[in-house]
Structures are given as C-alpha cells and as structure tokens.
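Data first, discussion second: the structure below is written as structure tokens.
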Amino acid sequence: MLINIIPPSRFKSIPWKNGKGTTTELAINEGGTLTDFDWRLSIASVAEDGDFSDFSGYLRNLILISGQGIELSHTLAGQTNIDNLNRLLTVSTFDGASQTRGRLLDGGITDFNLMTKTGKYQVDVRTYLEPGQVDVQACDLCFVYALQGEIILTRQDTGLKQEVAENHVLQITPLEQQLTLSGQQLIVIRLTNKT
C-alpha cells in the first residue's frame, strides 16, 4: 500500500476545454493530459450559467463544495435528466458526452470533479458531511479530500495513525484492506479496475 499526500502547492491551474474558465487540477494519472487520461481530480468555480465542456468517453462525478447550488441538465440521445445540487456535498454522476448545462440557483458555486475513462473503473463516490469515522473498503485506487479540518487515517493492520491537512488530497494505491478515516466534510473515492 502506497500513501501519497498531494499538497495544494502541487495543484495546477488549467483552462477549461471550452475556454470559459479555469480548473484547479488536483491530480491526474501519470502521463495523463487534458484530452487523454484514465482519471482526473479537479476543482472549478462556476460564476455564470452556461454549457459544460464535452468530455465524451468519460464518466463524470461532480460534487457541490461551496455556494447555494446549481441545477444541471444533461441531454444525451434525446433524453434529458436534471440534477439539483442544492446542498453541500451533493453529487451528480453523468456521461461526459452529455450536453450538460448549468443554471446557478443563487450566485456562484465551487465544485469538485472526478472524471474517469468510460469502462475502465468501477467508481464509488461517497460524501460525509458530519464529523465521524468512515470505514473504507479495498480498491485499486482511493482518494480522500476534506473540505474542513484534517483527515486522520488509521491502519487496521498496525494501528498507526497518520494526519492529512485540510485541502490536501490523500491518495492510496492499492488499498488492500479496510482503513478507518476520521474527519468532516469528506469526499471518499474508490476506483476498482474493470480489466
């Protein structure tokens, strides 16, 4: 098990594909680029209503991390689905090929994004608003991010504890046995290879 802590000093500012804003890229698979990657974590601010970039070939998970909310309408193959992200840490999962449009509910928002290549991973995204302990099951790749306060990681095999500062990304490769995390306003991502 390899534990990697990614500090904000390693985050990168990347222009949106549609040129209408910028994204803070937290992490991307080794060798990945904006147009060809296996997985990518980012944070974006949305200041106005508008269309999202086309990410055909990718599954998107978008999580509200600040602001009053956003309504997302996703149109694909003639069908439209609507997600209302109006509470902190609510999640929208959608096909990156969808024609997705965002409508702000009351001012700008910030969202956390996970994008994964379609069909490559089984994706499990969970959010935890209240302080407490979370058991994380085995997976090939795991990410944890805390909006507020530190993350405390406890290894079941050794009992050792490790602290991760807020706004740092915790990456674990692979997670072979259950781990226990403590924190609040947590985003926990588990990716398991399908191949």
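Assorted remarks:
- Pairs with Cβ under 6 Å, 6+ apart, first in the stretch 106-118 and within 16 Å of Leu141 (Cβ to Cβ), second among the β-branched types (Val, Ile, Thr) and assigned to a strand (DSSP E or B): Leu114/Ile189; Thr116/Val123
- Across the stretch 38-72, the qualifying residues are those that are part of a loop (DSSP other than H, G, I, E, B) and over 14 Å from Lys17 (Cα atoms), and the one among them that is least open to solvent (accessible area, probe 1.4 Å) is Gly69.
- Thr127 being open to solvent by less than 40 Å² (accessible area, probe 1.4 Å), within 27 Å of Gly69 (Cα to Cα) and touching a strand residue (DSSP E or B) at 6+ places or on another chain (Cβ under 7 Å): no
- If you check Gln184, Gln133 for being more than 30 Å from Asp51 (Cα to Cα), in contact with a Pro (Cβ under 6 Å, 6 or more places away or on another chain) and either assigned to a strand (DSSP E or B) or basic (Lys, Arg) (or both), only one passes: Gln184.
- In the stretch 14-32, residue modelled with the lowest pLDDT [restricted to those that are in a strand (DSSP E or B) and within 21 Å of Val144 (Cα to Cα)]: Thr23
- Neighbours by Cβ (under 9 Å, 6+ apart or cross-chain): first from the stretch 66-88, of a type in the set (Lys, Arg); second in a strand (DSSP E or B): Arg87/Leu64
- Reported count of residues in the stretch 73-89, each being closer than 16 Å to Asp49 by Cβ and either open to solvent by less than 70 Å² (accessible area, probe 1.4 Å) or assigned to a loop (DSSP other than H, G, I, E, B) (or both), is 6.
Okay, residues lined up against (1) among the charged types (D, E, K, R); (2) modelled with pLDDT under 90:
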residue: Asp140; (1), (2): yes, no
residue: Leu153; (1), (2): no, no
residue: Thr158; (1), (2): no, yes
residue: Gln162; (1), (2): no, yes
residue: Ala165; (1), (2): no, no
residue: Leu181; (1), (2): no, no
residue: Ile187; (1), (2): no, no
residue: Arg190; (1), (2): yes, no
residue: Thr195; (1), (2): no, yes
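- Residue in the stretch 139-146 that is open to solvent by 30 Å² or more (accessible area, probe 1.4 Å) and farther than 12 Å from Leu181 by Cβ present: yes
- Residue check for Ser13: in contact (Cβ under 8 Å) with a residue 12 or more places away in the chain, surrounded by 15 or more Cβ atoms within 10 Å (Cβ to Cβ), among the hydroxyl-bearing types (Ser, Thr, Tyr) and farther than 24 Å from Val188 by Cβ: no
- Within the stretch 167-179, tally of residues that are out of contact with any Asp or Glu (no Cβ under 6 Å at 6 or more places or on another chain) and either modelled with pLDDT under 90 or of a type outside the set (S, T, N, Q) (or both): 8
Table: residues versus (1) in a loop (DSSP other than H, G, I, E, B); (2) in contact (Cβ under 8 Å) with a residue 40 or more places away in the chain.
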| position | (1), (2) |
| --- | --- |
| Gln148 | no, no |
| Gln162 | no, yes |
| Asn167 | yes, yes |
| Thr180 | no, yes |
| Ile189 | no, yes |
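The values are calculated or read from the model by the stated rules, or taken from the named source; none is laboratory data. Since we're looking at a predicted model, the values are computed, not measured. Every residue, glycine as well, gets a Cβ built from its backbone with ideal geometry; the counts of neighbours run over all protein chains shown. Keep in mind that these areas ignore ligands, DNA and RNA; they rest on the heavy atoms of the full protein, side chains included. Shrake-Rupley method; radii C 1.70, N 1.55, O 1.52, S 1.80 Å.
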